[in-house]
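This report concerns only the one structure given below.
The values are calculated or read from the model by the stated rules, or taken from the named source; none is laboratory data. Because the structure is predicted, anything quoted here is derived from the model rather than measured. Cβ sites come from the backbone with ideal geometry, for glycine too, and all protein chains shown count toward neighbours. These area figures cover heavy atoms from the full protein model, side chains too; ligands, DNA and RNA do not enter into them. Shrake-Rupley method; radii C 1.70, N 1.55, O 1.52, S 1.80 Å.
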Amino acid sequence: MNYHYSTKVPMSDADPVGDLLKAAANPDIISFAGGLPAPELFPVAQVQEAANQVFQEKGMTALQYGSSQGTPELRKVVLERLSTDDIQADLEQVMISTGSQQVIDLTSKIFLNEGDTVIVEKPTYLCALDVFKSYGANLVSVEMDENGMKMDQLEKALQEHPDAKLLYTIPNFQNPTGRTMSLDRRKKLAQLAAEHDLIVLEDNPYGAVRFEGTPLPAIKSFDTTGHVVYTSTFSKILAPGLRLGWVVAPVELIEKYMVMKQSADLHTDALSQYIVAKFFENNDIEAHIANITALYKERKDLMMEAIQKYFPKTVTYSQPEGGMFIWIEVPGITDTQKLSDRCIKNDVAFVPGEPFYCDEIVPGTFRLNYSSMSPEQIDLGMKRLGEAIDETLAQG
């Protein structure tokens with residue numbers, strides 16, 4: 001059948017997200033590809049208990065249609081979480097979303113017309129790039145270093161693109177690099193947003209999972225003009241299968257988000273919202289997060305040791321203080337996809353760097369995830385990966 005697709009459908013048959021999910025699902029492959037939380041830390045019994053209580057106390061309500069803004073119970077939980085990022089908000093400034101991924105899509109629906117400029121970090125979250133491309137955005141990337149997006153380069157980009165509509169950033173333990181934006185740059189970004197009438201979408205899925213260093217306030221905490229939209233998720237501190245996130249913005253913007261959400265899915269799963277609110281009522285979430293961060297630090301340290309043990313000395317890599325990812329750069333590798341193909345044959349997987357770039361690609365880059373593999377798998381998988389790098393470099 002010769003289907004006539006819309007311009008929102010990618011013309012390429014490449015599906016890097018689907019490929020990495022397939023690799024992660026193959027039990028024979030040691031996968032450092034997917035950004036998967038450690039499943040052994042999912043609080044199954046506690047969630048089951050919360051679900052049973054919800055059915056007993058408000059089963060009919062939980063199974064009925066609900067508000068597009070989300071249940072008050074869960075929005076109150078979000079308000080408590082916001083205080084950890086120094087964000088001041090009230091209940092009407094919060095909307096529950098179907099994961100934070102939905103917020104990226106809804107933000108694009110609200111602000112972007114075809115041809116509008118979106119500024120992103122170089123590199124950045126590949127699924128965000130896919131969303132922006134689907135709305136016909138003109139994507140402009142800004143270089144990073146270990147302290148996040150470079151503000152002098154951002155100012156240059158804003159001078160070259162004065163009509164830029166939106167900036168997308170992941171300031172904490174960024175996907176894919178694991179880097180964290182410094183305090184001074186957060187303040188500067190909020191200032192530039194106000195000066196240039198630029199909407200900033202601050203995506204913070206990993207911020208709570210900090211195992212080293214000092215927590216930093218959100219960019220949103222420095223926003224005095226309503227230019228920063230903040231989004232986060234329960235996926236990394238509870239479970240991604242619940243598909244629950246949130247967005248924080250001025251009330252007039254939240255009203256627009258609700259209208260756009262109604263045309264997408266009416267409202268986020270009400271049952272999941274009630275269950276998570278009950279979970280927070282019953283349990284110490286900070287103790288649960290502490291268990292997550294302790295395990296991730298252990299696995300991050302093992303992966304760092306394996307890089308030094310098995311990889312060529314010319315390899316450079318990021319130094320994450322939290323989150324789930326390490327960014328690798330291998331000088332001499334010109335086609336990371338070929339390296340990936342070789343690794344898959346050797347039963348180990350990673351995500352090549354190419355799909356994380358919207359313009360010029362830095363060759364020899366790739367992302368590693370350390371959160372979901374056991375210590376034994378990390379050592380064996382990194383050994384296989386190091387051997388594949390050596391073989392690829394030897395072949396030129």
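Observations on the model:
- Helical mean residue ellipticity (222 nm; -39500 (n - 2.57) per DSSP H run of 4+; nearest 500) of the chain: -13500 deg cm²/dmol
- Heavy-atom accessible area per residue - region 34-87, 1.4 Å, Å²: 57 Å²
- Those residues of region 52-94 whose amide nitrogen sits under 15 Å from the label point placed on residue 286, 7 Å along Cα→Cβ: 80-86
- In this structure, residue 347 and residue 224 have a Cβ-Cβ separation that, at R0 = 51 Å, corresponds to a calculated FRET efficiency of about 0.45.
- Carbon and sulfur %, accessible surface of the chain computed with the full protein complex present, 1.4 Å: 50 percent
- Contact order relative to length of region 144-205, as percent, for alpha carbon pairs under 8 angstrom and 6 or more apart: 44 percent
- Highest average first, the peptides 281-294, 35-48 ordered by how many other beta carbon atoms sit within 10 Å of their residues are 35-48, 281-294.
- Between the beta carbons of residue 394 and residue 184, assuming R0 = 35 Å, the FRET efficiency works out to 0.20 to the nearest 0.05.
- Average Cα contact separation per residue, the chain, under 8 Å, 6 or more apart, as relative contact order %: 24 percent
- By average C-beta atoms within 10 angstrom, highest first, the peptides 384-390, 211-217: 384-390, 211-217
- Averaged over residues, the count of other Cβ atoms within 10 Å places the peptides 59-67, 192-200 in the sequence 192-200, 59-67, highest first.
- For region 315-396, the square roots a ≥ b ≥ c of the C-alpha gyration tensor eigenvalues yield an a/c of 1.5 or more together with a/b not exceeding b/c, which makes the shape oblate.
- Computed log₁₀ I(q)/I(0) - Debye formula, equal Cα scatterers, no solvent, the chain, q 0.06, 0.10, 0.11 Å⁻¹: -0.23, -0.67, -0.82
- Residues residue 15 and residue 294, FRET efficiency given R0 of 35 Å [Cβ-Cβ distance, rounded to 0.05]: 0.50
- Spacing of the two label points (7 Å from each Cα toward its C-beta) at residue 387 and residue 337, in nm: 2.6 nm
- Pairwise label distance in nanometres, residue 44 with residue 113, each label 7 Å out on the Cα-Cβ vector: 5.2 nm
- Unit charges on C-beta of K, R, D, E only; dipole of region 44-282, Debye: 380 debye
- The slack between residue 80 and residue 53, meaning 0.36 nm per residue of separation minus the straight C-alpha distance, is 7.5 nm.
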